[in-house]
Amino acid sequence: ACWRPGRGEVATEVAEIFTAAGISCRAVDAIEPVLWKKLFVNLGINAVTALTGLRNGQLLDWKATRLLMQDVVSEAIAVAEAHFIEVPVDIQEHVKQVAKATASNRSSMGQDVDSRRPTEIDAINGYIVRKAREVGIAVPVNQTLVRLVQTVQGRYTAS
């Protein structure tokens, strides 16, 4: 998505150029809901795969990981709504569909842990923790995932 704040014709032209080049793109008036939709997917998949060693699709094979994904996204929905972000009604299903569509992939955070690189935990689940704090909402599942990934990451970045 290309954002068009006030100068929609420029964003529309850029979107058309990307689309003509084979990269699907569309101009949008509000970028925040688009960014949050992507964030929900990353929240539901990345930290869980990083901690479990599973591929994206394997998250759907286990009741425990399905519930964990659901809990992480539910907390984020509450935070988004408290910040007046429009949340798609089917976002939980969307996260599962992305995991299924990318079933054989290892998430970027999972790859980072596999390769002993710094992760984006602070920018993904950590972002939800910070935004939750702003509105006084508890997000214990996201907070726990942040602490766990930070611990795993700390073990290999400290050496």
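Every number in this text was worked out from the coordinates using simple rules, so none of it is lab data. Computed from a predicted structure; not experimentally measured. Note that each Cβ is placed from the backbone with ideal geometry, even for glycine, and that neighbours are counted across all protein chains shown.
Here are the numbers for the structure shown:
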item	result
Cα lying deepest toward the dipole's positive end in the range 30-155, options Thr52, Val87, Pro33, charges on Cβ	Thr52
Among (i) 11.6; (ii) 10.0; (iii) 10.7, the entry derived from the coordinates for mean projected area of the Cα convex hull in nm²	(iii)
Relative contact order of the range 30-155, defined on C-alpha pairs under 8 angstrom at six or more residues apart (%)	34
Electrostatic dipole magnitude of the chain [Cβ: Lys, Arg +1; Asp, Glu -1; Cα centre; debye, to 20]	600
